[in-house]
Every structure is written in C-alpha cells, then in structure tokens.
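Below you'll find the structure, written out as structure tokens, and then a few comments.
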Protein chains: 2
Amino acid sequence: MATYFVSQGRDEIPRWREAFSAARLVAPAQARAWVTREDCVWVMADVEAWPGLVEVLRRSGAALAVMSYAPTPREAFQALDAGARAYVHALSPPEVLRQAALVITHQGIWVPPDLMARVVGGAFQALGGADRLREETLQRLTERERSVALAVVEGLSNKEVARRLGITERTVKAHLGAIFRKLGVRDRMQLVLRLSQREPQALETGH
Amino acid sequence: MATYFVSQGRDEIPRWREAFSAARLVAPAQARAWVTREDCVWVMADVEAWPGLVEVLRRSGAALAVMSYAPTPREAFQALDAGARAYVHALSPPEVLRQAALVITHQGIWVPPDLMARVVGGAFQALGGADRLREETLQRLTERERSVALAVVEGLSNKEVARRLGITERTVKAHLGAIFRKLGVRDRMQLVLRLSQREPQALETGH
DNA sequence: TCGGGTATTGGACCGAAGGACAGGCCGGGG
DNA sequence: CCCCGGCCTGTCCTTCGGTCCAATACCCGA
C-alpha cells in the first residue's frame with residue numbers, strides 16, 4: 001500500500017512528512033494515473049478543483065483524505081461528498097494523521113472531533129431534525145389550519161390561499177389568527193421562518 | 001479495554017458474538033455504571049430510549065456503536081447525533097464488526113458504505129448547495145440592498161430594518177422595491193423563499 | 001341535551017407593505 | 001459640464017395583513 005500526497009506546489013507539510021516518511025509527493029495529473037485501490041492519498045485543499053480530483057481518485061477505490069490549513073464544516077462536507085473519507089487540519093500532529101490513515105484504510109471516516117459535532121449536527125438537522133420539528137409544530141394545528149399554514153409557507157397571499165381552499169379570504173384570516181396564537185408567532189413572516197427550520201427568530205430586542 | 005453489548009432482552013447476536021468472543025452482555029442500567037473511557041460499547045437500536053442512553057454513555061468517553069436490524073439513514077443520523085461513532089447492521093459479518101470496532105476506537109466514524117452516500121449527499125446538498133445559489137442571487141444587489149434583503153429574510157419588518165440600518169422606513173421601501181425588480185419577485189414573502197433555498201415558487205397560475 | 005372545539009363568514013378598523021411620482025446628495029466618467 | 005447610478009428622503013394612495021366583535025353551523029363527548 002502506497003501513500004501519496006497531492007499538492008499544488010511542492011509544499012512539504014512537516015507534520016505530514018513526519019507521519020508518513022515513505023510517502024510520495026505527486027502532482028494532480030500523476031495521481032490520476034498512479035493511484036490504485038490499495039493506496040492512501042492525501043489531497044491538499046489548495047489544489048485547484050480538488051473536489052473533482054477527489055471524485056476521480058475515489059473511483060480507483062483508494063482511501064482519500066483531504067487536508068486544509070483552514071478547516072470549515074462546509075469544506076468538510078464538500079470533501080466527504082466528493083468521496084474523501086477524512087478531512088483534517090494540515091498541521092495536525094503526526095499521531096493524528098496516522099490515526100486518520102488507519103481509520104480510512106478500514107472503511108472508516110475521520111473528522112476532527114470539534115468539526116464532528118457541527119458536521120453531524122448540521123447533517124442531522126438537514127435530513128431529519130428539521131422535518132421532525134416542523135411536523136411537531138404542524139401537529140399542534142387542526143387539519144384546516146395546517147392546510148392554510150402550508151399554503152402560506154409556500155408564499156401564497158391570503159387571497160390565493162382562499163382560492164386554493166375554496167373559502168373566503170376572511171376565513172383564511174381567521175385560521176391564520178388561530179395559527180399565530182397557537183404557535184406564538186406574530187405574523188406570516190415568522191411563520192415561514194418557524195416552519196423552514198432556521199434559528200428561533202431574529203426579532204428586535206430594543207423596541 | 002472491555003467490550004460491552006447493551007440490549008433490551010437477552011438476545012445473542014450470533015455474528016456479533018463471533019466477532020467479540022470476550023465481550024460482556026449488559027442491561028442498559030448496568031452499562032451506565034460500568035462503562036469507562038477505554039471501553040467499546042455496542043447498543044442495539046431496540047433498547048427503549050437508546051438515543052438517551054448513548055448520550056449518557058458518550059460522556060464516559062467510551063467508543064459507541066449502534067446496531068440495528070433495519071438500518072435507515074434517519075436512524076443513522078440519530079445515532080451519530082447522540083454521540084455514537086458507528087451505525088451498523090446487526091447482522092453484519094464479524095470482519096465488518098471488528099473493522100468498525102477498530103475504526104471507532106481510533107476516533108473514526110463507521111457507517112455502511114451505501115448509507116454513507118445518502119447521508120453525506122443529502123447533508124451536503126442541504127448545507128452547501130443551497131447557499132451557493134443564495135450568494136449568486138445576493139450578488140446581483142448593491143451593498144445596501146443586500147443589507148436590507150438579509151434583514152428582511154430574518155423576518156424583520158420595514159420599520160425594524162430601518163432602525164437597524166439607521167435609515168428611514170421610506171428608504172427601506174425604496175431599496176425593497178429595487179430588490180423586487182431586480183430579482184423578479186413580487187413581495188418580501190417571495191424574497192425569503194428565494195433566499196432560503198426551496199422550490200422555485202408556488203405562485204398561482206390562474207389570473 | 002349542553003358545552004366546547006372546529007369551520008365558516010361578516011363587518012369594521014388600523015397598521016404594514018408596496019407602488020407612483022418627485023425630489024435631494026454624491027462620485028465617476030464621457 | 002452633464003449624465004448616470006447608488007443612496008436617501010418625502011407625500012399620496014392602494015392593497016394587503018391582522019385583530020376585535022359577532023354570528024351560524026357541525027360534530028362529539030360528558
């Protein structure tokens with residue numbers, strides 16, 4: 001099993017070299033040709049179009065890790081989505097780098113613990129969490145109120161909601177009033193924010 | 001390092017026992033008391049309130065894995081969110097289980113490859129993809145218009161936006177008018193929908 | 001049978017939102 | 001110098017959104 005390091009320039013990352021003394025430094029183009037399924041490849045996030053490179057290399061079956069000097073949750077996602085199985089700070093201690101290598105060569109995923117929380121938290125919210133909250137919120141409404149709320153959240157005006165549901169605009173307003181009371185929101189704006197995930201609300205504090 | 005298995009009943013998972021012959025089967029209550037930071041704990045997803053249990057055990061610093069007979073992306077998130085570092089099918093082959101154990105005891109995360117794609121894919125799209133569009137949209141506005149738009153999307157009223165930016169409510173309306181024209185939306189509702197990802201828009205067709 | 005929740009509508013009222021029309025100031029080009 | 005675009009403001013007016021006070025009708029459990 002060979003270990004490769006792909007970077008834009010010829011940077012030697014000291015900690016990294018310390019961790020993998022037998023590794024080879026290659027250019028993006030070479031990587032595409034040389035890498036095989038048994039290899040472990042480290043890609044610096046300063047390589048242009050690195051997500052594309054990672055995606056290509058992934059097809060070879062190799063274990064891929066992305067390194068960044070300024071890790072962000074977003075970039076972490078980008079890396080994982082492209083097929084990398086690790087996302088680490090470029091200046092991580094050699095023990096950490098070796099640990100990550102061990103993990104990814106065993107089909108595992110390695111992300112710094114601090115990023116982990118945010119990554120998983122974000123992902124969870126994105127997939128299930130937000131929906132669940134939304135559902136719970138909607139369950140507090142009656143059937144009719146739910147219809148109205150959902151229509152309003154689509155951006156329809158009261159008149160449009162009325163047409164869609166075959167009732168008077170007046171009735172829509174009545175339902176909306178009930179919805180606002182039950183959910184404790186002040187207007188339709190806050191309603192869509194509530195039902196579209198997102199922080200509690202960004203109301204002004206000092207009147 | 002001890003390996004524990006937490007389950008509701010006294011089920012013996014054959015593949016699991018095969019993988020960890022020296023492991024101990026414990027009840028949820030015992031687990032809370034016995035587990036230490038060096039241990040590796042496997043929790044069956046049929047234990048009632050398993051997410052809570054996982055969260056408690058996580059504080060001990062132990063490596064946690066959740067096993068399910070019917071894995072779903074959603075449950076996977078729930079497990080990871082609770083603090084588990086692995087989520088595997090209860091009937092996985094012993095090699096896989098041992099591999100997962102190796103990974104999680106080295107701070108890695110282990111999720112079945114097929115679930116991985118759906119999990120990361122969905123999350124990335126939700127986190128990163130949407131904002132890119134949002135940024136592109138915002139770039140079409142002038143600096144001031146951007147400020148107004150962002151404030152409006154937070155749910156602030158014109159008056160509140162005016163206070164925040166230190167300008168007149170009239171001016172806020174002027175900026176908003178320009179924003180609506182530029183982005184081709186009819187009102188603030190459509191604006192928040194546009195800037196909060198989500199489908200094109202659900203305008204009425206007729207009339 | 002009565003009370004309570006739900007669905008529906010009416011009218012009146014008022015503040016928020018948005019458009020029309022008109023200006024003001026400033027800075028960068030042609 | 002003039003013109004244009006960004007930014008800021010004003011007045012007038014219309015529509016929309018939300019609330020209050022009622023009222024009718026249905027259904028359902030006590």
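The values are calculated or read from the model by the stated rules, or taken from the named source; none is laboratory data. Here the structure is a predicted model, which is why all the values come from computation and not from measurement. Glycine also receives a Cβ, built like all others from the backbone with ideal geometry; neighbour counts cover every protein chain displayed. Side chains included, ligands, DNA and RNA excluded: accessible areas come from the protein's heavy atoms. Shrake-Rupley method; radii C 1.70, N 1.55, O 1.52, S 1.80 Å.
Determine, yes or no, whether residue A:148 is touching a Lys or Arg at 6+ places or on another chain (Cβ under 7 Å), at pLDDT 90 or above and not assigned by TED's automatic domain parsing to the domain that holds residue A:111. I'd like the intermediate steps shown before the answer.
Working: touching a Lys or Arg at 6+ places or on another chain (Cβ under 7 Å): no; at pLDDT 90 or above: yes; not assigned by TED's automatic domain parsing to the domain that holds residue A:111: yes.
No; evaluated as a whole, the condition is false for this residue.
Which residues, counting only those in region B:106-122, are at pLDDT below 75 and within 7 Å of chain A (Cβ to nearest Cβ)?
If the condition is that a residue be at pLDDT below 75 and within 7 Å of chain A (Cβ to nearest Cβ), then B:119, B:120, B:121, B:122 are the ones that fit.
So if I check each of B:162, B:174, B:151, which one is of a type in the set (Gly, Ala, Ser) and either touching a Gly at 6+ places or on another chain (Cβ under 7 Å) or more than 11 Å from DNA strand D (Cβ to nearest atom) (or both)?
Working: B:162 fails: either touching a Gly at 6+ places or on another chain (Cβ under 7 Å) or more than 11 Å from DNA strand D (Cβ to nearest atom) (or both); B:174 fails: either touching a Gly at 6+ places or on another chain (Cβ under 7 Å) or more than 11 Å from DNA strand D (Cβ to nearest atom) (or both).
Residue meeting the stated conditions: B:151.
Select the helices (runs of 4 or more DSSP H) contained entirely in region A:1-106, then report the ones holding at least 1 residues which are open to solvent by 10 Å² or more (accessible area, probe 1.4 Å) and under 27 Å from residue B:97 (Cα atoms).
Numbers: elements: A:14-19, A:28-34, A:50-58, A:73-82, A:94-104.
Passing ranges, in order: A:50-58, A:73-82, A:94-104.
Any idea which residue in region A:161-193 is farthest from DNA strand C (Cβ to nearest atom), counting only those that are surrounded by 15 or more Cβ atoms within 10 Å (Cβ to Cβ) and polar (S, T, N, Q)?
My answer is A:190.
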